[in-house]
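Read the structure below first, then the notes.
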C-alpha cells in the first residue's frame with residue numbers, strides 16, 4: 001500500500017525508504033513487545049505521548065501478526081506509563097492552547113529537533129515529563145511511578161468525560177474514549 005503524500009509530509013517516510021529500510025511487521029512487533037516487557041520487569045516507566053494511541057496500535061498489531069496481545073507480554077509485570085499529555089492536562093488544566101508534543105515542548109522549554117521522527121519524539125516526550133515533574137514537584141514528589149500511572153488513568157477518564165460533555169453542549173458528535181493507557185479490544189460480535 002503506497003504511503004499517502006500527506007503522511008510523508010508529516011513523518012518523512014516514503015515508499016522508496018520503506019522498501020529499502022522496512023522490515024516485516026511480525027518480528028518487529030515481537031521485538032517491541034519483548035522490550036517493553038523487559039523494561040516493565042525492571043520497573044522502568046515507559047514515557048508515551050498520547051499513550052492510548054501508540055499502545056493500542058501496538059496491541060492490535062500484535063493481535064494481527066502474532067495472535068497475541070500486549071497484555072500477554074506484560075503478564076509478569078504491569079507496564080507503568082507516564083504520558084506527558086495527561087500529566088500536563090491535569091496539572092495545568094486551565095492553560096489555554098493546544099497540547100501537541102510540539103506545543104508541550106515549547107511550553108516546557110524542551111528542544112524538539114525533528115518532530116515526527118520516532119527517536120526525536122520519544123526524547124522530547126521524556127524531557128517534557130521531566131520538566132513537568134520539576135514544575136509540579138510539590139504535587140508529584142510523594143507519588144511513585146506506579147501511583148502516578150494509576151492517577152493518570154483516573155485523570156484521563158475525567159478529561160475524556162469533560163471533553164465529551166463539551167462536545168455534547170456544542171452539538172458535535174464525537175466520542176471520547178476514557179480508557180488509558182490502552183483501549184480495550186472490542187469483541188468480534190460488537
Taking a crude spin-label model, label points 7 Å out from Cα along the C-beta direction, the residue 147 to residue 18 distance in nm is 4.5 nm
Going out from 0 in 5 Å bins, what whole percent of all Cα-Cα distances in the range 140-184 drops into each bin?
-> 5, 23, 21, 18, 14, 9, 6, 4, 0
Just subtract the alpha-carbon distance of residue 138 and residue 3 from 0.36 nm times their residue separation and send over the number in nm, one decimal.
-> 44.0 nm
Zero-based 5 Å bins, Cα pair distances in the range 119-162, whole percents = 5, 20, 18, 26, 21, 9, 1
Value at 222 nm in deg cm²/dmol, rounded to 500, when DSSP H runs of n ≥ 4 in the chain each add -39,500 (n - 2.57) = -18000 deg cm²/dmol
Direction-averaged shadow area of the convex hull around the Cα atoms of the range 106-179, nm²?
-> 6.7 nm²
Translational D (Stokes-Einstein, µm²/s) of the range 58-106 at 10 °C and 1.306 mPa s when Rh comes from the Kirkwood sum over C-alpha pairs?
-> 118 µm²/s
Shape call, the range 33-85: gyration tensor on alpha carbons, a/c limit 1.5 = oblate
The chain, relative contact order [Cα under 8 Å, separation at least 6], % = 22 percent
Largest first and to the nearest Å, give the Cα extent of the range 1-109 along each principal axis.
-> 43, 41, 20
Residue 106 and residue 175 label points (each 7 Å along its Cα→Cβ direction) are spaced in nm at 3.3 nm
Please label the shape of the chain as rounded, prolate or oblate, based on the square roots a ≥ b ≥ c of the eigenvalues of the alpha-carbon gyration tensor (a/c under 1.5 means rounded; beyond that, a/b larger than b/c means prolate, else oblate).
-> rounded
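Taken together, the values in this text are just the output of simple stated rules run on the coordinates, not laboratory data. The structure presented is a predicted model; accordingly, all values stated were derived computationally and were not measured. All Cβ positions, glycine included, derive from the backbone under ideal geometry; neighbour counts span all protein chains shown.
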